[in-house]
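Since the structure comes first, as structure tokens, the remarks are kept for the end.
The values are calculated or read from the model by the stated rules, or taken from the named source; none is laboratory data. The shown structure was predicted, so the numbers you read here are calculated from the model rather than taken from an experiment. All Cβ positions, even for glycine, are placed from backbone atoms using ideal geometry, and neighbour counts span all protein chains on display.
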Amino acid sequence: MFGDHSLEELLRDDQVRSISRRYFISNGFDGTLTSVGVAMGSYLSGVPDGVTVFTIGMGAAIGLGTSGVWSVWEIERAEKRAEIHDLEDKMLTDLEDTRLVDRKRGARVINATMSGVGPVLAVLLTMAPFLLEPVALSMQAATIASVGMGIAILFVFGAYMGSIAKLTWYVSGLRMALAGLVAAGLNLLLPG
């Protein structure tokens with residue numbers, strides 16, 4: 001899967017980690033906001049039980065996860081092939097069976113995987129409160145808990161990225177969390 005390179009070796013590469021982190025958080029952000037929309041839309045349209053809302057969320061997770069893996073696989077394939085072709089032109093040699101090409105393939109596997117894991121994990125966490133309905137939560141409480149979980153996930157994403165950029169982590173966290181509040185608020189404006 002990683003060719004001549006170990007997973008540990010590839011993860012020590014700053015570029016591999018940076019690209020994977022971006023895909024994970026970007027697609028996790030999408031998964032979280034999608035889940036906030038599913039939670040609010042389900043509640044406002046009268047979906048009667050939490051399992052149905054969770055199942056709808058899992059459908060979104062499958063779509064977003066597949067999109068994350070597939071799109072990044074193809075994007076990184078094209079980008080890395082272009083880099084290799086450019087280097088081959090400059091060096092006037094074929095690099096196909098080299099450690100460099102092998103390393104780029106391994107990096108692509110990691111990037112695509114993280115791109116798919118981000119939204120699936122975000123959806124699972126955000127939709128989890130609906131599994132507690134009707135045992136421990138009403139539909140309204142499950143919706144509030146789900147939106148709250150989504151906002152918390154967004155805050156963590158923002159705080160983490162802020163800390164990487166050496167910004168005030170809680171300000172960065174609040175900036176990202178605001179997106180969850182906006183998505184929830186926009187749902188309240190829907191007719192119905």
Query - Exclusive hit being modelled with pLDDT under 90, under 21 Å from the mean Cα position of the chain (by Cα) and over 30 Å from D49 (Cα atoms), set E76, E83, E96, E88 - result: E76
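Here's the yes/no breakdown for (1) out of contact with any Phe, Trp or Tyr (no Cβ under 9 Å at 6 or more places or on another chain); (2) under 30 Å from E9 (Cα atoms):
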| position | (1), (2) |
| --- | --- |
| K90 | yes, yes |
| D97 | yes, yes |
| V109 | no, yes |
| V120 | yes, yes |
| T126 | yes, no |
| V135 | yes, no |
| W169 | no, yes |
Requested in this report: Being in contact with a Ser or Thr (Cβ under 7 Å, 6 or more places away or on another chain) and under 17 Å from S42 (Cα atoms) narrows it down to one of S146, S138, so name that one.
Outcome: S146
Query raised in the report: Just checking, how many residues over the range 37-74 are among the acidic types (D, E) and either on the phi > 0 side of the Ramachandran plot or part of a loop (DSSP other than H, G, I, E, B) (or both)?
Result: 1
Query - Considering residues of the range 38-55 that are buried (at least 19 other Cβ atoms within 10 Å of the Cβ) and more than 11 Å from A142 (Cβ to Cβ) only, the residue farthest from the chain's Cα centre (by Cα) - result: M40
Report task. Could you pull out the residue among S163, S172 that is of a type in the set (G, A, S), more than 20 Å from L33 (Cβ to Cβ), touching a helix residue (DSSP H, G or I) at 6+ places or on another chain (Cβ under 6 Å) and modelled with pLDDT of 95 or more? Result -> S163
Query raised in the report: How many of the residues making up the range 113-151 are in a helix (DSSP H, G or I) and more than 11 Å from the chain's Cα centre (by Cα)?
Result: 22
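Residue-by-condition table, conditions (1) surrounded by fewer than 19 Cβ atoms within 10 Å (Cβ to Cβ); (2) of a type in the set (S, T, Y):
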site	(1), (2)
T66	yes, yes
V72	no, no
T126	no, yes
P129	no, no
L137	yes, no
Query - Which listed residue is without any contact (Cβ under 8 Å) to a residue 40 or more places away in the chain and closer than 16 Å to V123 by Cβ, from I84, I75, I56 - result: I56
Requested in this report: Would you mind stating whether R105 is surrounded by fewer than 19 Cβ atoms within 10 Å (Cβ to Cβ), of a type in the set (D, E, K, R) and closer than 29 Å to A60 by Cβ?
Outcome: no
Query raised in the report: Under 7 Å by Cβ, and 6 or more places apart or on different chains, what pairs join a residue from the range 113-124 that is closer than 11 Å to S35 by Cα with one that is at pLDDT 95 or above and among the polar types (S, T, N, Q)?
Result: P119/N27; A122/T32; A122/S35; V123/T34; V123/S35
Query raised in the report: Can you pull out the residues in the range 145-192 that are surrounded by 19 or more Cβ atoms within 10 Å (Cβ to Cβ), out of contact with any Gly (no Cβ under 7 Å at 6 or more places or on another chain) and not aliphatic (A, V, I, L, M)?
Result: S146
Query - Of the criteria (1) buried (at least 18 other Cβ atoms within 10 Å of the Cβ); (2) at pLDDT below 95, which one L121 fails - result: (2)
